[in-house]
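Notes to accompany the following structure.
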Amino acid sequence: MTDSEYSQAIEDFAAAAAALDLADGLAEVREEFVGADTSLVYFDGNSLGRPLRASVERLTSFAEHEWGGRLIRGWDETWMQLPFEIGDTIGRAAIGASAGQTVVGDSTTVLLYKLLRAAFDAQHASDSARVEIVVDRDSFPTDRYLVEGIARERGGRVRWIDVELDGGVTADALSAAVGAETAVVLLSHVAYRSGYLADARALTTIAHDAGALVLWDLCHSAGSVPVHADEWGFDLAVGCTYKYLNGGPGSPAFAYVASRLQDTLTQPIQGWMGTADVFAMGPEYRPAEGMRRFLSGTPPITGMLAMQDTLALIERVGIAAVREKSVQLTEFALRVSDALLSGLGVTVASPREADHRGGHITLSHSTMREVTAALWQNDIIPDYRDPHGLRIGLSPLSTSFEEVLEGLVAVRLAIKAATPSG
Ligand SMILES: *Cc1c(COP(=O)(O)O)cnc(C)c1O
């Protein structure tokens, strides 16, 4: 690309970004986030979302009035119900679950463990031939480690599905992996590395036809991609709240268990908060009916505060509008990358078709590790994922098209600086 071709491309893309921002029905929402008025370019809202200004107020007011003012009375007045109330809101706003099936609890890792083990045990108890847990080789480390641990702990086996680096689990791959020995399948709705968006309805049906239960990991879809848990026949799901739901560092995850399964599952961490009558302090553990049985200890109330503002925002604008902008953002990023980065040897390690892509894309180049470090120095914040992947997370509520262009131009300069030949 000659210098003048480059200047022309930048000019064209700047005009395109301005037009997209102008036409963006969610553009004003971006102003509601802390830091939206700074020059920082944030490509990591899929790892830790930005806080809303409303959350800052909510957190301070909580410390002052609720915790500071109501003290222990707060539990009876509001906090005991909060995991269920916010769970229902997540169900309504983000994952297509009717009330009474979603609860906010522990970390994603702990909730995945609890549900995966409960599902494995129930399946194995009703059919002792069902000893396999199916998972893909490129699923998030915590998911793989848990599967291996549970298989070891319960005398089961892991059945691995191989996936392409720029893809995820397809219908054919799942069909080949499930059968009469499958107890449970653990799948990511959006793959954390490639951004591959799985056909959750079709894959759920395939698993069910084989007699298996499915646990969906919604970490990278909740709040960016519409999910229809009830309509798609989900059994179980777990998702993060500090990613697209902007709950803040370490905010607790949510769990979904379909009504029809709730009373047939027993989770392994039998704590007092999951019993039928919490304050009876009885001699033995009796699991509560409904979603309470999936809780273990005292709910992390402080961690549940901020997500409520993003959930309210998503309910206000609708998850369909969020997804529409998300698709436009990743399309624009791909266009810019094809024009400005592919000539430098950058390849796209994410699906090209919007229907198969979630809210982030991964760009691959041998220098990406040092490029990421250089970008962070300049307040351009993507993240790095082996091998050679620069992950561009485009949180639809808090990212502008201009920001996308600015960040990718900086990527180009950083790659050129990192490659001696230019
Ligand atoms: C982010 C993420 C997790 C994180 O689990 P934590 O317990 O919150 O650390 C788990 N699974 C997937 C797919 C993720 O993307």
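A compact table of results
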quantity: Extension gain, Arg260 back to Ala276 (0.36 nm per residue minus Cα-Cα distance, nm); calculated: 3.9 nm
quantity: Proxy reagent accessibility, fewest Cβ within 10 Å first, across His388, His65; calculated: His65, His388
quantity: Cα-based equivalent ellipsoid, the range 330-422: semi-axes from gyration tensor eigenvalues, Å; calculated: 20, 15, 12
quantity: Cβ-based net charge around Glu64, under 14 Å, with every Lys or Arg adding one and every Asp or Glu removing one; calculated: 0
quantity: Cα-based shape type of the range 217-315, given that a ≥ b ≥ c are square roots of the gyration tensor eigenvalues and the cut on a/c is 1.5; calculated: oblate
quantity: Cα radius of gyration and Dmax for the range 149-290 (Å); calculated: 16.9, 53
quantity: Per-residue [θ]222 nm for the chain (sum of -39500 (n - 2.57) over DSSP H runs n ≥ 4, rounded to 500); calculated: -12000 deg cm²/dmol
quantity: Calculated from backbone phi, Karplus (6.51, -1.76, 1.60) coupling profile of the range 18-33 in Hz, x at Gly/Pro; calculated: 4, 5, 5, 5, 5, 7, 6, x, 9, 4, 5, 4, 4, 5, 7, 8
quantity: Local electrostatic count, Pro299, Cβ distance below 13 Å [Lys/Arg +1, Asp/Glu -1]; calculated: -1
quantity: Cα gyration tensor shape for the chain, rounded if a/c is under 1.5, else prolate or oblate; calculated: oblate
quantity: Local electrostatic count, Val34, Cβ distance below 12 Å [Lys/Arg +1, Asp/Glu -1]; calculated: -2
quantity: Proxy reagent accessibility, fewest Cβ within 10 Å first, across Lys416, Lys114; calculated: Lys416, Lys114
quantity: Alpha carbon centroid spacing (whole Å) that separates the range 210-282 from the range 146-193; calculated: 19 Å
quantity: Cα shape, the range 78-314, gyration tensor, a/c 1.5 rule; calculated: oblate
quantity: Ranked list, fewest to most other Cβ atoms within 10 Å of each Cβ, for Phe13, Phe43; calculated: Phe13, Phe43
quantity: Within the chain: Cβ-based charge dipole about Cα centre, in debye rounded to nearest 20 (Lys, Arg +1; Asp, Glu -1); calculated: 960 debye
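Laboratory data are not the source of any read-out in this text; all were calculated from the coordinates shown. Computed from a prediction, not measured in an experiment: that's the story for all the values here. Cβ atoms come from the backbone with ideal geometry, glycine included; neighbour counts cover every protein chain shown.
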